[in-house]
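Working notes, beginning with the structure itself.
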Amino acid sequence: AVAGSTVELGCSARGDPAPQVQWHKEQGDLPWGRHEVDREHTLRLYAVTAADAGAYVCTAQSQLGTAAATTFLHV
């Protein structure tokens, strides 16, 4: 990603019952005040900086179990 741009990280999780989806960064916190997660579980990071680079993990959890996927952001 280019520094200063907006990045969208998708996470597709479906089930019955619908799973709870959460995003976190492996090393550190999501950028305070510069991120949001929409209804489709897409994580948006605004005005990304080099400090935002790293591994981001989407975790889906329901009564049936837990699944996780990791994506890497390079700035």
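The values are calculated or read from the model by the stated rules, or taken from the named source; none is laboratory data. Since the model is a prediction, treat every value here as computed from it, not as a measurement. Quick reminder, even Gly has a Cβ in these numbers, built from the backbone with ideal geometry, and neighbours come from all protein chains shown. These accessible areas exclude ligands, DNA and RNA; they are computed on the full protein's heavy atoms, side chains included. Shrake-Rupley method; radii C 1.70, N 1.55, O 1.52, S 1.80 Å.
Legend: translational diffusion of the range 10-49 by Stokes-Einstein, Rh = Kirkwood radius over C-alpha pairs, 37 °C, 0.692 mPa s; D = 286 µm²/s. The slack in the chain from D38 to T70, taken as 0.36 nm per residue of separation less the alpha-carbon distance, amounts to 9.7 nm.
Accessible area per residue for the range 26-75, computed on protein heavy atoms with a 1.4 Å probe, is 66 Å².
How about the chain: which GluC sites (Glu not before Pro) there lie in a loop by DSSP and see at most 15 other Cβ atoms within 10 Å? For GluC sites (Glu not before Pro) across the chain that sit outside H, G, I, E and B with at most 15 neighbouring Cβ atoms in 10 Å, the list reads E26, E40.
Among A50, A60, A13, the largest mean-square fluctuation in a Gaussian network model of the chain (Cα springs under 10 Å) belongs to A50.
In whole percent, how big is the carbon plus sulfur part of the accessible area of the chain, probe 1.4 Å, protein atoms only? Looking at the chain in its full context, I get 50 percent from C and S. Based on alpha-carbon atoms, the Kirkwood radius and the radius of gyration of the range 15-75 give Rg/Rh equal to 1.01. All other residues whose Cβ lies under 12 angstrom from that of Y46 are scored, Lys and Arg at +1 and Asp and Glu at -1, for a net of -1.
Across the range 19-26, computed HN-Hα scalar couplings (Karplus, 6.51 cos²θ - 1.76 cosθ + 1.60, θ = phi - 60°) run x, 8, 10, 9, 10, 8, 9, 4 Hz from first to last residue, x flagging Gly and Pro.
Looking at the range 8-69, the chymotrypsin sites (Phe, Trp or Tyr not before Pro) that sit in a DSSP loop and have at most 12 other Cβ atoms within 10 Å of their own Cβ are W32.
If you take all other residues with their beta carbon under 15 Å from the beta carbon of E36, and give Lys and Arg +1 and Asp and Glu -1, the sum is -1. Normalised by the number of residues in the chain, the mean separation of alpha-carbon contacts (under 8 Å, six or more apart) gives a relative contact order of 39 percent.
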